[in-house]
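Here's the structure, in structure tokens; my notes come after.
The values are calculated or read from the model by the stated rules, or taken from the named source; none is laboratory data. Model, not experiment: these values are computed from the prediction. Cβ atoms come from the backbone with ideal geometry, glycine included; neighbour counts cover every protein chain shown.
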4 protein chains.
Amino acid sequence: MQQKMDVAALTAFLRSDFAQVAGMFEVLEAGAETVIRLKVDDSHLRPGGTVSGPTMFALADVGIYLAILARIGPVALAVTTNATIDFLRKPLAGVDLIARVRVLKLGRSLAVGECLIFSEGQGEPVARASMTYAIPPKALS
Amino acid sequence: MQQKMDVAALTAFLRSDFAQVAGMFEVLEAGAETVIRLKVDDSHLRPGGTVSGPTMFALADVGIYLAILARIGPVALAVTTNATIDFLRKPLAGVDLIARVRVLKLGRSLAVGECLIFSEGQGEPVARASMTYAIPPKALS
Amino acid sequence: MQQKMDVAALTAFLRSDFAQVAGMFEVLEAGAETVIRLKVDDSHLRPGGTVSGPTMFALADVGIYLAILARIGPVALAVTTNATIDFLRKPLAGVDLIARVRVLKLGRSLAVGECLIFSEGQGEPVARASMTYAIPPKALS
Amino acid sequence: MQQKMDVAALTAFLRSDFAQVAGMFEVLEAGAETVIRLKVDDSHLRPGGTVSGPTMFALADVGIYLAILARIGPVALAVTTNATIDFLRKPLAGVDLIARVRVLKLGRSLAVGECLIFSEGQGEPVARASMTYAIPPKALS
């Protein structure tokens, strides 16, 4: 499948269109697999020192969204319609999270992607997520 | 089913065990249905002025968690294992969100709840969520 | 919301468009809540005598699909895009299942519904399901 | 991770413990990835000639279940607690389906797996599924 945005283009898009959260994330790879880092800080933690569920949700959402944009170009209008997350293990304390994303479908009106989330350097995932986005009719023309 | 915690007890638990986010939420009812308000402020918004997905995720997670605690008592150890959200409509700008939660199962090791989320005063839900929590063995003894 | 098909119309649609499975189901109510019965027989059972997961999936899928058709009319083209089921309790052996369905969203291109499934006569649900359907562009015009 | 059952052992288990559906499935591989074939026949089809949703659900359920048993041994007691499926594309008519399964978590009380389902010989998946199973306490001792 063709790529319309690379790491630099996705990073620029994140800064311009998601300024509020852009500082949390770093785009590491864009290709067959899109890879995003969540730079963990204290605001993401639950009591006990592990990253909160909503923060992992945000990482999966941004990661899958960017992986889709990498294919269709900078369309700021796709909206999440469905999200499912399985929380598998406690993330390591004080370690960044890495989301490895694949796009499974890029249809005329729906796009679907999935990711595994890892504590950096670990082999077993801490979470799995899949999300569906509705794409506005004009976006693919 | 029996209730072990009322609105005051849930509110106190939220403040002691989730101090970081307690200010975002208000417990309105605890009973057959548990009702939680998300006090929307600028930090919850996406470009365009609507509440972000991760913020709705956080509301559903806290709401279902508190509804389960209302039944089993203040056990700070249950962890979310699975979460599914359907985003149905854009929330109204500048309006609080209300989650109406029901507990569907309270087993020995798993609890399941669901909620509908509304923009306050509206009849059509903006989101639907269901979540599963693993309960540690001792919590129910 | 308006209803375009009643119990008789949904039953006729089931027989004409889903002849292969129509005998399994009975439409009991069509309105704010659509209610469908699964007439349990031996072919639906797992070892141990309880209804299988795929059979409950089929009940939820048919039930939510019919509830959506009740609103938009006999459009045989909507396809399921996402389905989530929580299995909550073992169904009673030898007892029909009842699905109680609500439509949560009826958009231009997506419809979302959810249901609770009960062993007939029981108060606690055996399963919860939510499903999303893509509606072809012409269907709503 | 260790394997306790190979292709022959999984096939024998399927025949003894799931006699009713064993003829539908063929275990092709058991290892880091477990691969299962659904031998499509007329009873699995919807009008239009494509495999029905409940049949794909059954394939995912059996496939992930067997992949978990391959790790923990022939424990006929694990029950599905949560299932999520995304239907991505129409399966090819008259072609078997292949499920490629990975186990993501094998905990003391919960196991989680996911699969992609393909029309045999095609590169793009027709469905994605993830499922959670509750494992009875004795099963892992």
Residues of the stretch C:2-41 classified as within 18 Å of C:Phe57 (Cβ to Cβ) and more than 15 Å from the chain's Cα centre (by Cα), total: 2
Residues of the stretch A:94-116 satisfying the condition of being more than 11 Å from chain D (Cβ to nearest Cβ) and in a strand (DSSP E or B): A:Leu97, A:Ile98, A:Ala99, A:Arg100, A:Val101, A:Cys115
Considering residues of the stretch A:72-100 that are in contact with a helix residue (DSSP H, G or I) (Cβ under 7 Å, 6 or more places away or on another chain) and farther than 18 Å from B:Ile85 by Cβ only, the residue surrounded by the most Cβ atoms within 10 Å (Cβ to Cβ): A:Leu97
C:Ala67, sole failed condition from (1) buried (at least 24 other Cβ atoms within 10 Å of the Cβ); (2) over 21 Å from D:Lys90 (Cβ atoms); (3) within 14 Å of chain D (Cβ to nearest Cβ): (3)
Single match in C:Pro91, C:Pro54, C:Pro137 (criterion: away from chain D (no Cβ under 14 Å) and free of Cβ contacts under 8 Å to residues at least 60 places away in the same chain): C:Pro137
Residue selected from the stretch B:97-114 under the condition within 18 Å of B:Lys4 (Cα to Cα) and basic (Lys, Arg), by the criterion modelled with the lowest pLDDT: B:Arg108
Selection from the stretch B:70-88 of residues that are within 14 Å of chain C (Cβ to nearest Cβ) and within 16 Å of the chain's Cα centre (by Cα): B:Arg71, B:Thr80, B:Thr81, B:Asn82, B:Ala83, B:Thr84, B:Ile85, B:Asp86, B:Phe87
Residue satisfying condition, being over 17 Å from A:Ala60 (Cα atoms), small (Gly, Ala, Ser) and not in a strand (DSSP E or B), within set B:Ala58, B:Ala70: B:Ala70
Matching residues in the stretch C:32-50 - criterion: being modelled with pLDDT of 90 or more and surrounded by fewer than 17 Cβ atoms within 10 Å (Cβ to Cβ): C:Ala32, C:Glu33, C:Lys39
Residues of the stretch D:5-31 that turn out to be at pLDDT 95 or above, surrounded by fewer than 20 Cβ atoms within 10 Å (Cβ to Cβ) and part of a loop (DSSP other than H, G, I, E, B), as a count: 1
Close pairs (9 angstrom Cβ cut-off, 6 or more residues apart or separate chains): within 14 Å of chain B (Cβ to nearest Cβ) and free of Cβ contacts under 8 Å to residues at least 60 places away in the same chain in the stretch A:23-45, part of a loop (DSSP other than H, G, I, E, B) and among the β-branched types (Val, Ile, Thr) anywhere: A:Met24/A:Val40
Unmet criterion (only one of (1) farther than 19 Å from B:Pro125 by Cβ; (2) of a type in the set (Gly, Ala, Ser); (3) within 14 Å of chain D (Cβ to nearest Cβ)) for C:Ala129: (1)
Looking only at the stretch C:51-79, and only at residues there that are β-branched (Val, Ile, Thr) and touching a His at 6+ places or on another chain (Cβ under 9 Å), the one that is modelled with the highest pLDDT: C:Thr55
Residue, nearest to D:Ala134 (Cα to Cα), within the stretch D:19-54, restricted to residues that are among the polar types (S, T, N, Q) and touching a Leu at 6+ places or on another chain (Cβ under 7 Å): D:Thr34
